[in-house]
1. Restricting to the chain, compute how many DSSP beta bridges are antiparallel as a %, nearest 5.
2. What's the percent breakdown of Cα-Cα distances in segment 279-426 across 10 Å bins, shortest bin first?
3. Helix-only estimate, please: 222 nm mean residue ellipticity of the chain, summing -39500 (n - 2.57) across DSSP H runs of length 4 or more and dividing by its residues, to the nearest 500.
4. Just to be sure I understand: with springs between alpha-carbon atoms less than 10 Å apart, which residue in 83, 377, 167 has the highest mean-square fluctuation in the Gaussian network model of the chain?
5. Computed over the Cα atoms of segment 210-302, what is the ratio Rg over Rh, Rh following Kirkwood?
6. Among 204-210, 194-200, how do they line up from the highest to the lowest mean number of other beta-carbon atoms within 10 Å?
7. Say we join alpha carbon atoms closer than 10 Å with springs in a Gaussian network model of the chain; which of 143, 330, 282 then has the biggest fluctuation?
8. Report, in listed order, any pair from 282/386; 69/129; 56/386; 295/383; 143/170; 56/383 with a Cα-Cα distance greater than 20 Å.
Amino acid sequence: MQHMYGAILGDMIGAPYEFDRGNKTKDFPLFSRGSQFTDDSVMTIAVAEALLGLDKDASDDMVHHEVSKSMRIWGRKYPDAGYGGRFRNWLFDHWKPHPYGSYGNGSAMRVSSVGWLYGSLEETRRYAKLTAEVTHNHPEGIKGAEATASAIFMARTGASKDEIKDYIIKEFGYDLSRTCDEIRPTYHHVESCQETVPEAITAFLEGTSFEDVIRTAVSLGGDCDTLTCIAGSIAEAFYGVPDIDKLECRGRLPEEMLAVLDRFEEATDRKEYGFLDGTVLKEAMKMFNNDRTEKNLYTLLAILRDSFVWVPCNAILSEADYAEVEKAVKEAGDNLDSLIGKDFTNKDFVRLVPDILQNGDDFFFPVFATAEDMGEYGEHFSKVQKHFLECMVLARNNEKGVKGIVVNAFSEPFVLTVDLFDATARISSRFANAEVESDE
């Protein structure tokens with residue numbers, strides 16, 4: 001599977017021809033010395049990393065916070081990637097940055113990860129809007145991000161080009177009636193969503209392969225790296241990316257960007273095959289509980305080894321932050337209702353300590369296939385999604401000396417005893433890019 005390479009390749013291949021430096025032709029070297037990533041790729045990576053770290057129930061404010069934080073971190077790592085003036089000011093603002101009403105095409109060029117991560121058009125459009133709003137909160141900026149992410153989602157889920165075109169016209173009102181031959185002669189460098197996203201989508205609709213979409217987009221000219229980034233992100237979802245192009249892309253990226261790409265690819269593969277939402281794990285548990293054979297046990301252990309599970313945790317404040325809370329309660333006196341809705345900003349990191357279940361004299365580390373599987377028990381805890389191998393490390397190192405991990409303790413439980421931890425960790429992952437280690 002290859003996710004986000006299309007956007008980054010589009011950026012790289014289009015970069016030498018930005019500012020109308022090309023000859024408006026499809027006949028050019030696909031890769032050259034100037035085929036390097038720009039701000040489009042940096043922000044694509046930043047948004048992807050932010051979304052990978054979010055819980056599925058994250059609030060709008062939390063999405064805004066994490067996306068903004070990640071963009072500022074990555075942007076400051078690569079300060080000379082070619083940012084626009086207003087975005088640069090936002091990026092290096094020493095105070096809390098605010099959106100600035102932009103309708104620039106930056107909201108659309110960084111959104112490709114959204115098109116891969118979510119299971120419905122509704123979710124896809126919600127997160128596209130949220131990633132845009134941290135800077136590009138103008139209606140046109142939001143529309144550009146939503147349209148691009150929607151096209152990616154539809155392309156990867158089997159929609160035809162006609163279906164994608166009809167949806168984009170109906171939902172976003174873009175004019176997709178012109179052909180690329182009609183656009184090309186008068187098209188020039190412009191950085192708005194209104195005059196970049198429709199052209200990028202048109203290039204995708206006319207292209208006959210991933211490479212042909214890229215060449216068609218570059219041939220239009222204009223803000224070539226961004227236009228081709230957007231077109232390439234949709235083309236990848238529809239056609240895939242040739243391995244040779246993927247290798248060219250990887251050879252032009254630093255290790256820290258490759259690490260995010262690999263994490264993203266693994267996460268989306270796991271999601272597609274049911275390893276993130278608990279679907280596969282619950283089916284394997286049901287199969288084993290109904291027929292406790294050695295074969296079914298091995299299947300279950302192999303699936304556990306690759307799964308992400310939910311862990312109930314107690315939120316522990318630092319002594320300084322706890323003192324602040326106690327002070328606020330004391331000052332409120334009998335009027336505790338005055339604290340409702342009051343903001344409290346912690347100065348130190350909140351420690352999340354996994355809960356431990358006790359059965360007689362034995363202790364067990366509880367995990368759940370989904371957050372919903374915790375039921376009423378889960379209402380008392382913060383919920384964190386972790387890789388199962390990481391949970392084995394936490395369980396083994398717990399001071400209570402747990403007997404094992406119990407999966408879905410309150411429905412159809414399965415207990416993995418400590419003596420099976422090593423055998424589970426040694427099972428080969430079915431995901432080529434899996435990098436989670438057990439540290440055992």
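No value in this document is a laboratory result; all are computed from the given coordinates. Note that the coordinates shown come from a computational prediction; the quantities given were computed from them, not determined experimentally. Cβ placement follows ideal geometry from the backbone for every residue including glycine, while neighbour counts extend to all protein chains displayed.
1. Details: 19 of 23 bridges.
About 85 percent, rounded to the nearest 5.
2. Pair shares across the bins are 10, 34, 28, 15, 9, 3, 0.
3. Details: 20 runs with 223 residues, N = 440.
About -15500 deg cm²/dmol.
4. Its mean-square fluctuation being the largest, the pick is 377.
5. Numbers: Rg = 20.1 Å, Rh = 16.5 Å.
Dividing the radius of gyration by the Kirkwood radius yields 1.21.
6. On the way: 204-210: 19.9, 194-200: 24.7.
By packing density, highest mean first, the sequence is 194-200, 204-210.
7. Looking only at 143, 330, 282, the biggest GNM fluctuation is shown by 330.
8. Details: 282/386 16 Å; 69/129 17 Å; 56/386 13 Å; 295/383 32 Å; 143/170 12 Å; 56/383 11 Å.
Pairs exceeding the cut-off: 295/383.
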